[in-house]
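Here is the structure we will look at.
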Amino acid sequence: MKIGVLAFQGAVREHIDMLLKLGVLPIPVRKREDLKGISGLILPGGESTTIGKLLMDSGLKYDIIEMARDGLPIWGTCAGMILLAKHIVNQDYTYLDLMDIWVRRNAYGSQIDSFIKRVPVSPISNSPLELTFIRAPYVEKVGENVEVILELDGKIVAVREGKLLATAFHPELTEDLSFHKYFLELIKN
């Protein structure tokens, strides 16, 4: 199985390392040709405005939208959640416009406000998972077909809509493979 990892910036290497540990062939995606033959796509954290511009400049934006509408599983972490959203609070434009969620950017504050929480995430793992939040967004509201996977302190931080998954935190910055395994199961099913 080949899984694409959008490779403009952010935790690209970390996602690639997690996929390798699971025996999956990671494909760094920088140009349209890199999308050929992938079974899923990960949109890593980074800076959503920059990644959004690079999606346009590279021509990848509309290919990814079309592939998602054709059923390609996509997982966005942190900035990736913002890229997937149909609604961004206090912003009049979106990027991929795929998930029926209202996202607030940098909702937890600046880099200095980053934090780690250890909590159970029942559909993902029976054990508490370490969740790393770095300039993280959260979801303020979801559409009717969006499943809330995790709320933390009254804020929605993990959601799923069909084959689309979004997390406000960075599972790739931990040693735990649970979220990556969950995404692979989503692809297989």
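Coordinate-derived values only; no laboratory data. Just so you know, these numbers come straight off a predicted model, no measurement behind them. Counting neighbours? That spans all protein chains shown, and the Cβs are built from the backbone with ideal geometry, glycine included.
Would you be so kind as to identify all helices of the chain, as entire DSSP H runs, whose Cα atoms reach 27 Å or more along the helix's own axis and whose mean Kyte-Doolittle hydropathy is at least 1.0? Before the final figure, lay out each step's value.
On the way: long enough: none.
Membrane-span-like by this criterion, though nothing is claimed about a membrane: none.
Loop only per DSSP, at most 13 neighbouring Cβ atoms within 10 Å: give me the chymotrypsin sites (Phe, Trp or Tyr not before Pro) in the stretch 31-139, ordered by residue number. Write down the numbers at each step before the final one.
Details: sites: Tyr62, Trp75, Tyr93, Tyr95, Trp102, Tyr108, Phe115, Phe133, Tyr138; in loops: Tyr93, Tyr95, Tyr108.
Answer in residue order: Tyr93.
Would you please give the residues with an amide H less than 5 Å from that of Val89, counting only those at least 5 places away or on a separate chain, with H modeled from the backbone geometry?
It is Val103, Arg104, Arg105, by chain and number.
Going by how many other Cβ atoms sit within 10 Å of their own, how do Leu152, Leu41 line up, fewest first? Mind showing how you got there, number by number?
Working: Leu152 17, Leu41 25.
With the sparsest Cβ surroundings first, the list reads Leu152, Leu41.
Quick one: which residues, 5 or more positions from Gly76 or on another chain, have an amide H under 5 Å from its amide H? H modelled 1.01 Å from N in the peptide plane, none for Pro or chain starts.
For Gly76, the qualifying residues are Leu43, Leu165, Ala166, Thr167.
For the stretch 15-69 and the stretch 82-131, write down the distance between their C-alpha centroids in whole Å.
Value for the Cα centre distance between the two parts: 18 Å.
Beyond 23 Å between alpha-carbons counts as too far, so tell me which of Lys21/Lys155; Lys61/Lys181; Lys86/Lys163; Lys141/Lys188 fall in that bin.
On the way: Lys21/Lys155 31 Å; Lys61/Lys181 26 Å; Lys86/Lys163 15 Å; Lys141/Lys188 28 Å.
Beyond 23 Å between Cα atoms: Lys21/Lys155; Lys61/Lys181; Lys141/Lys188.
Counting other beta carbons within 10 Å of each residue's own, what order do Met1, Met56, Met67 fall into, fewest first?
Numbers: Met1 14, Met56 11, Met67 18.
So the ranking, lowest neighbour count to highest, is Met56, Met1, Met67.
Of the GluC sites (Glu not before Pro) in the stretch 131-189, which ones lie in a loop per DSSP and count no more than 11 other C-beta atoms within 10 Å?
Details: sites: Glu140, Glu144, Glu147, Glu151, Glu161, Glu172, Glu175, Glu185; in loops: Glu144, Glu175.
Those that pass, being in a loop and sparsely packed, are Glu144, Glu175.
Which label belongs to the value computed from this structure, given these candidates for Cα extents along the principal axes in Å: [x] 58, 30, 30; [y] 60, 40, 34; [z] 41, 39, 33?
Among [x] 58, 30, 30; [y] 60, 40, 34; [z] 41, 39, 33, the one calculated here is [z].
Pick out, in residue order, every one of the GluC sites (Glu not before Pro) in the stretch 23-121 that is DSSP loop and has at most 11 other C-beta atoms within 10 Å; say none if there are none. Spell out each step's value before the answer.
On the way: sites: Glu33, Glu47, Glu66; in loops: Glu47.
Nothing satisfies the criteria.
Taking the DSSP beta bridges in the chain as the whole, what percent of them are antiparallel, to the nearest 5? List each step's numbers first, then the result.
Details: 21 of 39 bridges.
Counting only bridges with both partners in the chain, antiparallel ones make up about 55 percent.
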